[in-house]
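See below for the structure under consideration.
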Amino acid sequence: MKVRLSLQEVATGVTKKFKVKKDVTCSHCHGSGAEGGSGTETCPTCHGQGVVVKTVRTMLGMMQTQTECPTCHGEGSVIKNKCHECSGSGIVKGEEVVEINIPAGVAEGMVVNVQGKGNAGPRQGTNGNIQVLVEEEPNDTFIRDEQDVIYNLLLDFPTATLGDEIEIPTIEGTKVKIKIEPGTQPGKTLRLRGKGLPAVQGYGTGKGDLVVNVSVYIPTTLSKDEKAMVEKMRGSDNFKGDAETKKSIFERFKNYFN
Ligand SMILES: [Zn+2]
Ligand SMILES: [Zn+2]
């Protein structure tokens with residue numbers, strides 16, 4: 001089976017209910033395969049041995065080989081009267097609502113094995129498992145990088161310049177406050193430790209980070225007054241990039257391309 005999860009569901013883990021078409025225990029005979037509690041009798045073919053002995057002629061003379069009894073398939077006993085609902089198999093085609101727990105931190109392509117929730121075993125035998133293939137829903141707020149989650153923060157120009165305390169979303173669907181330092185450059189990254197995704201049990205430990213990548217919005221439409229304001233800024237040396245900033249942007253790009 002396939003399950004499609006949102007990033008929030010991946011972050012917290014989730015229980016999903018599915019209607020599963022599968023072999024279920026025959027309710028008429030309760031899985032015994034016998035009609036009206038008729039029970040079993042010793043297999044007439046193998047007399048309870050579960051095997052039949054064949055004598056074959058070979059170049060070396062007569063030889064005996066043992067094979068599984070074709071009547072009882074090795075069980076040694078057969079049902080007296082086969083259940084009319086399941087023809088003696090103890091299972092019928094059916095449907096069942098199955099609850100599946102998906103642990104937090106799973107990723108696209110992982111398979112969650114749900115023991116004992118698959119097809120019912122013939123004649124009260126062991127149930128099979130359900131294998132659930134995980135698919136991730138695309139997310140338009142966050143980018144997943146294994147256990148880390150990247151959020152692109154678009155700051156307005158005054159906030160990037162003057163600094164502020166702002167709220168950003170988390171993958172759990174809540175909000176968290178972060179401090180924007182005055183003079184924050186676009187491309188700066190802030191790392192919120194432990195606000196990423198947990199490791200799936202047995203596949204690692206700890207939690208990833210929420211990595212905030214800062215972008216700055218440059219206005220595209222301005223009123224007459226605003227335009228005059230920006231014209232005034234253009235004249236000031238404080239609005240021109242300094243050598244230190246140029247160098248740090250260069251270093252960042254160098255690291256990015258290496
Ligand atoms: Zn039955
Ligand atoms: Zn037999």
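The values are calculated or read from the model by the stated rules, or taken from the named source; none is laboratory data. Since the structure is predicted, the reported quantities are computational estimates derived from the model, not experimental observations. Ideal geometry is used to build each Cβ from the backbone, glycine not excepted, and the neighbour counts take in all protein chains shown.
Structure notes:
- Thr40 meets all of the listed conditions (1) away from ligand 1 (no atom under 16 Å from the Cβ); (2) modelled with pLDDT under 90 but one, namely (1).
- All positions within region 70-102 that are more than 16 Å from ligand 1 (Cβ to nearest atom) and either closer than 30 Å to Val3 by Cα or in contact with an Asp or Glu (Cβ under 8 Å, 6 or more places away or on another chain) (or both): Gly74, Ser77, Glu95, Glu96, Val97, Val98, Glu99, Ile100, Asn101, Ile102
- Filtered residue count, region 103-123, keeping only those that are surrounded by 15 or more Cβ atoms within 10 Å (Cβ to Cβ) and on the phi > 0 side of the Ramachandran plot: 2
- Screening Ile249 with (1) surrounded by 11 or more Cβ atoms within 10 Å (Cβ to Cβ); (2) of a type outside the set (Lys, Arg); (3) modelled with pLDDT of 90 or more gives one miss only, at (3).
- Of the residues making up region 76-83, one or more are within 14 Å of ligand 2 (Cβ to nearest atom), under 45 Å from the mean Cα position of the chain (by Cα) and touching a residue at least 40 places away in the same chain (Cβ under 8 Å).
- Count of region 25-44 residues, restricted to those that are loosely packed, with under 13 Cβ neighbours inside 10 Å and farther than 13 Å from Lys80 by Cα, is 1.
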